[in-house]
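To start, the structure itself, in structure tokens.
The values are calculated or read from the model by the stated rules, or taken from the named source; none is laboratory data. The structure displayed is predicted, hence computed values, not measured ones. FYI the Cβ positions are ideal-geometry reconstructions off the backbone, even for glycines, and counts take in every protein chain you see. Protein only, heavy atoms only, side chains kept; ligands, DNA and RNA dropped before computing areas. Shrake-Rupley method; radii C 1.70, N 1.55, O 1.52, S 1.80 Å.
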Amino acid sequence: MYPVVLNLQKKLCLLVGGGMIAFRKAIPVLEAGGSLTVVARDFVEGFQELATEYSMTLHKRSYESPEAAGYELVIAATSDRRVNETISRDAQAAGRLVNIVDVPDLCSFYVPAVVRRGSLNIAISTEGAFPSLTKVIKADLEKSFSPRYALLLDRLAEFRVKLRERVPDDKERQQKAAAVAGSEAVALFLAGDDSMLEAELLLK
């Protein structure tokens, strides 16, 4: 499999299913800025609030073939094999990315488990071989990567902007960025000590 990070900003996305699994699948798509339409005969509690918060479109009905062809990203979370097969066929015939939850043979991509720390995203995938292992690995990574990584990345992103403005040479910029990333100041910041990082990020 070829791992990628998709930009879903304003992309048309379709989710078929209205249960708890579908609800959990909807959240990261919306948080990534996808324009999400959800089709289901029934919706669990929470979908309506989510729709209001993110301007998500809900259609209370069955899937209508070949509507998946009109979306750039398609996710199905239904327990009906025939419906899943139809959705997968419609999407793939139109060259769309499609994920049928827990049915690897109908997918063109798998959704990894993700550890999120602000703009830092660490994805874990077994390519559908044994998804339960990803939960174990995710729990380990969540212990290793504290919430301070989000704060660190924010500060480093600001520093990178200054670097690009003040250091015209590509090689020099890369060297300075690498030196900061591997510095003791970063290690201390992650441990809770902010003092050295501010000095480290000053461009002289």
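Here are the numbers:
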item: The one condition in (1) closer than 30 Å to Leu197 by Cα; (2) surrounded by fewer than 18 Cβ atoms within 10 Å (Cβ to Cβ); (3) touching a strand residue (DSSP E or B) at 6+ places or on another chain (Cβ under 8 Å) that Val115 fails to fulfil; result: (2)
item: Residue within region 18-31 that is over 27 Å from Leu120 (Cα atoms) and not β-branched (Val, Ile, Thr) present; result: yes
item: Test for Leu120: is it open to solvent by less than 40 Å² (accessible area, probe 1.4 Å) and either free of Cβ contacts under 8 Å to residues at least 40 places away in the same chain or hydrophobic (A, V, I, L, M, F, W, C) (or both); result: no
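Conditions tested, residue by residue: (1) touching a helix residue (DSSP H, G or I) at 6+ places or on another chain (Cβ under 8 Å); (2) acidic (Asp, Glu); (3) at pLDDT 95 or above.
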residue: Val103; (1), (2), (3): yes, no, no
residue: Phe130; (1), (2), (3): no, no, no
residue: Lys135; (1), (2), (3): no, no, no
residue: Phe145; (1), (2), (3): no, no, yes
residue: Val167; (1), (2), (3): yes, no, no
residue: Leu201; (1), (2), (3): yes, no, no
